[in-house]
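Written below as structure tokens is the structure these notes are about.
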Amino acid sequence: MNLADFLIILGSVLLAVIFIIFISFLVYMMLFDRNQKSHSILRNYPLLGRIRYFFEKIGPEMRQYWFNSDTEGRPFSREDYEHIVKSAKYSRDVVGFGSKRDFEEEGFFIRNDMFPKLTEELKVDRKEKVLTKKYILLKDPLFMQREEKREDEEALAYLLDDEEAVVIGPTTKHPFILKGQIGMSAMSYGSLGDKAITALSEGLALGKGSWMNTGEGGLSPYHLKGGVDIIMQIGPGLFGIRDKQGAVDWEELKKKSEIPQIKAFEIKLAQGAKARGGHIDAEKVTPEIAAIRKVEPYKSIDSPNRFREFSDVPSICEFIEKIRHHTGKPVGMKIVVGSNNSVEELVKYMKETGKGPDFITVDGGEGGTGASYQELIDSVGLPIKSALPILVATLQKYGVRDRVKIIASGKLFTPDRIAIALAMGADLVNIARGFMITVGCIQTLKCQSNICPVGVATTDPDLQKALVIDEKKYRTANYLITLREGLFRLAAAAGLESPVHFKPQHVAYKDDKGVVTPLADILREVEQQIGGDQKLDNHREEPLRKSPPLGTELV
């Protein structure tokens with residue numbers, strides 16, 4: 001027998017063995033499935049049932065990449081996602097041919113001026129430059145990986161002029177001065193891995209003029225890695241500043257405040273996606289995370305629904321005053337607005353006593369989270385375009401708007417969304433998921449499971465290998481810069497020197513019949529609903545029209 005015959009016989013035997021094993025496996029599975037008691041369909045149709053469950057398993061990916069249109073998909077459509085990725089990777093946010101927006105639908109529009117500002121007329125800091133890296137697309141073949149090269153780029157940082165800088169807590173010992181209006185919303189180390197936090201910290205620092213919120217998980221060394229300004233969030237669990245009994249450790253708080261990067265503190269009352277305390281699974285609570293949060297390792301952590309230290313408006317204001325006294329730095333609060341009178345009691349007390357926060361972060365119900373419950377995500381808390389006007393009108397009703405800076409958040413991930421929020425009264429905006437996408441998030445919606453396949457929302461060291469800090473940090477910086485550039489571009493189109501000057505008269509609302517309502521009219525109706533006597537800034541005296549719902553999404 002020659003070698004060829006021997007190989008043929010050997011191959012035939014191997015194929016036969018494999019076939020027998022395969023058939024045996026199928027028979028075993030059929031017998032097993034017919035006798036199991038958990039799945040009805042497998043008892044009657046073992047083979048077809050397995051195929052059904054397989055397709056069900058890959059259903060989200062099939063819909064995301066094949067069946068959803070560019071403007072479908074939640075929380076972010078493919079178009080939304082690609083816009084962020086391209087801004088981050090290529091430092092470009094141009095599109096070709098025309099808009100995909102459905103102009104027959106209702107929505108907000110920015111009013112252009114007949115005589116827009118020239119580039120040289122804009123009040124932008126022209127001295128601050130950023131040295132970053134971006135990709136250049138060389139070839140994009142159908143069946144092969146696209147060919148790209150990465151090159152250095154020196155770009156204008158698009159920071160505000162010194163005279164336009166936003167100052168939080170001007171009367172505090174250490175005011176927080178910001179020349180950029182966009183920062184990173186609260187994301188804790190633990191919900192995100194150390195590589196993701198580090199890449200975001202270094203990228204935001206590279207982009208300049210921004211800030212990073214620690215989330216309620218406390219300050220980690222990875223938040224500090226890049227040298228970016230920090231807003232340290234304090235949640236009901238008091239992570240990072242608690243003693244062994246779970247109470248506030250005031251000495252530890254003072255020690256944290258002495259870190260130069262920490263510019264302000266934020267008390268988290270609620271979050272748009274969860275009007276409750278946070279949760280982190282036991283497997284995510286590594287010894288390092290436990291040490292940072294000052295809890296026991298490998299035990300699930302649940303924050304209380306609210307702080308035990310206060311239970312009403314006077315006591316929270318006293319708590320704010322005490323933190324400000326101990327730290328000398330601005331103190332704010334993060335809230336969710338649930339109705340027209342949600343903040344009435346707080347603002348009235350601020351007027352009567354002179355006490356209260358230096359800034360208020362208002363988070364819309366459309367905001368994201370690492371983990372929450374469906375009923376809280378979908379039905380608790382108003383969206384940002386409803387919540388923000390209520391907060392602004394209430395502050396103006398009691399004459400304390402000038403004392404407080406407002407940070408808005410809730411899917412404000414493009415320049416036009418940001419501009420509309422600024423026109424509604426925000427001073428600054430927070431973004432979370434947009435920045436997550438810059439460091440690799442692909443929306444697998446597994447943030448709560450610690451098995452994020454791209455190493456972003458996980459502390460698993462093996463999965464985190466996917467995330468290369470020295471590559472992703474430039475994407476974070478590029479995205480931040482293109483957002484700020486886009487804001488100045490919109491300001492110029494509206495005839496403004498700077499995005500800090502966006503006001504209600506620069507935005508209009510078109511309904512599905514084509515009827516246009518000035519944003520000023522809509523905000524005036526909100527003012528009337530909450531019983532305000534003050535006129536909102538720059539409102540024109542025009543007759544009221546029936547206003548559309550404020551929660552309408554800008555597409």
Inset, instruction - Would you mind checking which residues have amide H under 5 Å from Ala494's amide H? H placed 1.01 Å from N; only 5 or more apart, or other chain. - result: Asp113
Legend entry - Given charges at Cβ of Lys, Arg, Asp, Glu: the chain dipole, positive-most of Ile420, Val439, Phe239: Phe239
Inset, instruction - For Lys355, go through the aspartates and glutamates and keep the ones whose alpha-carbon is under 20 Å away, minus same-chain ones fewer than eight residues off. - result: Glu266, Glu309, Asp312, Glu318, Glu321, Glu344, Glu345, Asp402
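Could you compute the FRET efficiency for Val95 and Lys127, with r as their C-beta to C-beta distance and R0 at 22 Å, rounded to 0.05? Before the final figure, lay out each step's value.
On the way: r = 31 Å, r/R0 = 1.40.
Computed FRET efficiency for Val95 and Lys127 comes out at 0.10.
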Inset, instruction - Could you list, in their original order, any pairs among Lys294/Lys473; Lys117/Lys510; Lys173/Lys405 whose Cα atoms are separated by more than 22 Å? - result: Lys294/Lys473; Lys117/Lys510
Legend entry - Degrees separating the helix 344-353 axis from the principal Cα axis of the chain, which is the longest one: 40 degrees
Legend entry - In order through the range 3-19: 3J(HN,Hα) via Karplus (6.51 cos²θ - 1.76 cosθ + 1.60), integer Hz, x for Gly, Pro: 5, 5, 5, 4, 5, 5, 5, 4, x, 5, 5, 4, 4, 5, 4, 4, 4
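With +1 assigned to the C-beta of every Lys and Arg and -1 to the C-beta of every Asp and Glu, and no other charges, what is the dipole magnitude of the range 95-159 about the Cα centre in debye, to the nearest 20?
On the way: 14 positive and 16 negative charges, 56 e Å.
The dipole magnitude comes to about 260 debye.
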Inset, instruction - Send over a whole-number figure in Å² for the accessible area per residue of the chain, probe 1.4 Å. - result: 49 Å²
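Might you report the magnitude of the Cβ-based charge dipole of the chain about its Cα centre, with Lys and Arg at +1 and Asp and Glu at -1, to the nearest 20 debye? Display every interim value, and only then the final one.
Numbers: 76 positive and 76 negative charges, 165 e Å.
That gives a dipole near 800 debye.
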Legend entry - Angle between the chain longest axis and helix 384-397 axis [Cα atoms, degrees, rounded to 10]: 20 degrees
Inset, instruction - Could you tell me how many degrees, from 0 to 90 and to the nearest 10, lie between the Cα long axis of helix 313-327 and the main elongation axis, the longest principal axis, of the Cα atoms of the chain? - result: 90 degrees
Legend entry - Calculated log₁₀ intensity ratio I(q)/I(0) where the Debye formula runs over C-alpha points of the range 67-114, q = 0.24, 0.33 Å⁻¹: -1.10, -1.15
Legend entry - Inter-centroid distance (Cα atoms) of the range 297-360 relative to the range 191-212, Å: 26 Å
Inset, instruction - Give the long-range amide H neighbours of Ile267: residues separated by 5 or more places, or on another chain, with amide H under 5 Å away, using H modelled in the peptide plane at 1.01 Å from N. - result: Ile234, Gly332, Met333, Lys334
Legend entry - Karplus (6.51, -1.76, 1.60) ³J(HN,Hα), θ = phi - 60°, over the range 29-40, in Hz, Gly and Pro reported as x: 5, 4, 5, 5, 5, 5, 9, 6, 10, 8, 10, 4
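When the accessible area of the chain is computed with all protein chains present and a 1.4 Å probe, what percentage of it is carbon and sulfur? Show your work: numbers first, answer last.
Numbers: 14950 of 27080 Å².
The C+S portion of the solvent-accessible surface of the chain is 55 percent.
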Inset, instruction - Give me the net charge of Ser300's neighbourhood, meaning all other residues with Cβ under 11 Å from the Cβ of Ser300; Lys, Arg count +1, Asp, Glu -1. - result: -2
Inset, instruction - Compute the Rg to Rh ratio over the chain from the alpha carbon atoms, using the Kirkwood formula for Rh, and round to two decimal places. - result: 1.04
Legend entry - Lys/Arg +1, Asp/Glu -1 at C-beta; the range 53-148 dipole; positive extreme among Ile58, His83, Phe109: His83
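The values are calculated or read from the model by the stated rules, or taken from the named source; none is laboratory data. On a predicted model such as this, the values are computed, not experimentally measured, just so you know. All Cβ positions, even for glycine, are placed from backbone atoms using ideal geometry, and neighbour counts span all protein chains on display. With ligands, DNA and RNA removed, areas are computed over all heavy atoms of the protein, side chains included. Shrake-Rupley method; radii C 1.70, N 1.55, O 1.52, S 1.80 Å.
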